[in-house]
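Colleague: The structure under discussion is supplied below as C-alpha cells; questions concerning it will follow.
Any read-out appearing in this document is the output of simple, stated calculations on the displayed coordinates, not a laboratory observation. What you see is a predicted model; the values in this text were computed from it and never measured. Reconstructed Cβ throughout: ideal geometry from the backbone, glycine too, with neighbour counts over all protein chains shown.
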C-alpha cells in the first residue's frame, strides 16, 4: 500500500522515478555488498524498486486521476454463487 511519499513532486520527476524503478526491476538490480580484509562496502536502494514504482504510480494517479487512471490498483473479487454450500 502506497503511503504518498512522492506526492507534491512534479509530473516529470514522478515519471523519471517510475522509469528508474521499472529499469531496476527489468535488470534485476539488487543490494550489492563487498567485504575484504575487515573492510566492507554496501550499496542499497533507499526504497526497493517495487515500492518506488508503487509510490510513483500512486503520486501520478493523485496528480491527474484521469490521465493516470490505469495506474490505480483495484482488487476485484468474482464469486460464483451457483454452487453455494449450506
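Colleague: Using per-residue counts of other Cβ atoms within 10 Å, averaged over each peptide, order 59-67, 7-15 from highest down. Let's see the in-between values first.
Modeller: Working: 59-67: 14.9, 7-15: 13.3.
With the highest mean Cβ count within 10 Å placed first, the list reads 59-67, 7-15.
Colleague: Here's another thing I want to ask about it. Roughly speaking, what is the stretch gain from residue 11 to residue 76, that is 0.36 nm per residue apart minus the C-alpha to C-alpha distance, in nm to one decimal?
Modeller: That works out to 20.5 nm of additional length.
Colleague: Okay, moving on. Can you give me the angle between helix 11-27 and the longest principal axis of the chain, using Cα atoms only, in degrees from 0 to 90, rounded to the nearest 10?
Modeller: 80 degrees
Colleague: Something else now. Taking the Cα atoms only, what angle lies between the long axis of helix 49-63 and the longest principal axis of the chain, rounded to 10 degrees?
Modeller: 60 degrees
Colleague: Would you calculate, for the chain, the mean residue ellipticity at 222 nm contributed by helices, counting each DSSP H stretch of 4 or more residues as -39,500 (n - 2.57) and dividing by all residues, to the nearest 500?
Modeller: On the way: 2 runs with 32 residues, N = 86.
Taken over the chain, the calculation gives -12500 deg cm²/dmol.
Colleague: Once Rh for the chain is found with the Kirkwood sum over Cα pairs, what is the Stokes-Einstein diffusion coefficient at 20 °C and 1.002 mPa s, in µm²/s? Kindly include the intermediate steps, with their values, before the conclusion.
Modeller: Working: Rh = 15.7 Å.
The Stokes-Einstein estimate is 137 µm²/s.
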